[in-house]
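All of the numbers you see were taken from the coordinates with simple rules; none came from a lab. This one's a predicted model, so the numbers in the text were calculated from it and none came from an experiment. Neighbour counts run over all protein chains shown; Cβ positions are idealised from the backbone, glycine included.
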Amino acid sequence: MTGRNGRTGRRLAAGIAVAGVAGLGLLALPGGADAQPALPPVSPEDLLSSVLTAKPGSFDGTVQLDNQLGLPALPDLPQAANGTSSAEVWSGGDGKGRMQIPSATGERTLVSDGTTFWAWNSDDRTVAKGTRQPDQTRAPVADPTKAATDAISALQPTSTVSVDGTDEVAGRPVYDLVLSPKPTERTLLREVRIAVDAQERMPLRLTVLAQGSSTPALQVGFTDLTFGPQDPERFTFTPPAGATVKDAPSRDVQQQQRDKPTVVGDGWDRVVVEKVPQNNPDRARDLAGLGTPTSGSWGSGRVIKTAVATAIVTDDGRVAVGAVPEQVLSETLSK
């Protein structure tokens, strides 16, 4: 794993990439002329409840991320850049999982045997080893199921929820669950669409659309998916010869190593403010260099804008991010 500075870079990127959907911080493709699957009617409330309580069985598949946010490739998060990327995923139940994310120069592999978690980076030939935490092999940037359930948990209380017919994802019939912000929410987002597997009630695709646009800004979804028993060897890991193995700090230690973020508001217009670590000035400059100059009663800094989220990096070392206009961030920083 990377250190706390890398996590801050990823947090900012994820906050923009997920557009505040998951609380900080992976577009529906046209269905074509094919007929929609005929499925039994289901109410939005029942579909939502079934997603949150679903316990899908073992599976393997391919996940594709389509990104039109307009960001550059960020350190430790090349998926932030415009374009399409993919990952291979396996789930064996009982906390067992594997994810392989290719990059331009190599591959990152995340493996959990249910007790121990491994993270392999082929670029620098390092392995981080630690005690598995819940959902540790499920990164939102490459996992539509986790991204969707996180979105539901964060947005449901401030959303209008509906079911917009049926569709197919990875050859499986799905219900289209739609979350739209209530009129009181000051957000850049128009709606979040979640394709829910009709049988397993597992989210198979997450789509984010911005206000005033019919073109999805961000989508992560399965292109191939098979449910069934998995080879146990998929969930074991032996560090390659010559690899450097490091102990990954526990989640409690990670939280102690950085200041607790300040969260203002909830739902669609939630804003998260935290400090940029000052022991890595190069990383701080990288973050600030992404935007354009801005200022307010809170001071000065740089603003980073996408269709679905905004971030302000202040000169005094703070980062504010949310799926909101710049004005909302400025008001938050001024409090």
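Brief remarks follow.
- Computed over neighbours whose Cβ is under 13 Å from that of residue 230, the net charge equals -3, Lys and Arg +1, Asp and Glu -1.
- Ranked by how many other beta carbons lie within 10 Å on average, peptides 219-230, 115-126 from highest: 219-230, 115-126
- Residue by residue, the stretch 165-170 carries 3J(HN,Hα) couplings of x, 10, 7, 10, 10, 6 Hz when phi is fed to the Karplus relation 6.51 cos²θ - 1.76 cosθ + 1.60 (θ = phi - 60°); x denotes Gly or Pro.
- From phi via Karplus (6.51, -1.76, 1.60), per-residue ³J(HN,Hα) for the stretch 266-276 in Hz, x at Gly/Pro: 8, x, 5, 9, 5, 10, 10, 10, 8, 8, 7
- Residues with amide H under 5 Å from that of residue 246, placed H, sequence gap 5 or more: 127, 128, 129
- A simple packing score, the average count of other Cβ atoms within 10 Å per residue, orders the peptides 57-66, 201-210 as 201-210, 57-66, with the highest score first.
- For the peptides 314-323, 166-175, 238-247, residues were scored by their other Cβ atoms within 10 Å and the scores averaged per peptide; the highest-first order is 314-323, 166-175, 238-247.
- Cβ-defined net charge surrounding residue 197, 13 Å radius [Lys, Arg +1; Asp, Glu -1]: 0
- Under 5 Å between amide hydrogens, built in the peptide plane, is the criterion, and for residue 230 it picks out nothing among residues at least 5 positions away or on other chains.
- Residues whose placed amide H lies under 5 Å from that of residue 106, excluding near-sequence neighbours: none
- Distance between the 7 Å Cα→Cβ label points at residue 244 and residue 315: 3.6 nm.
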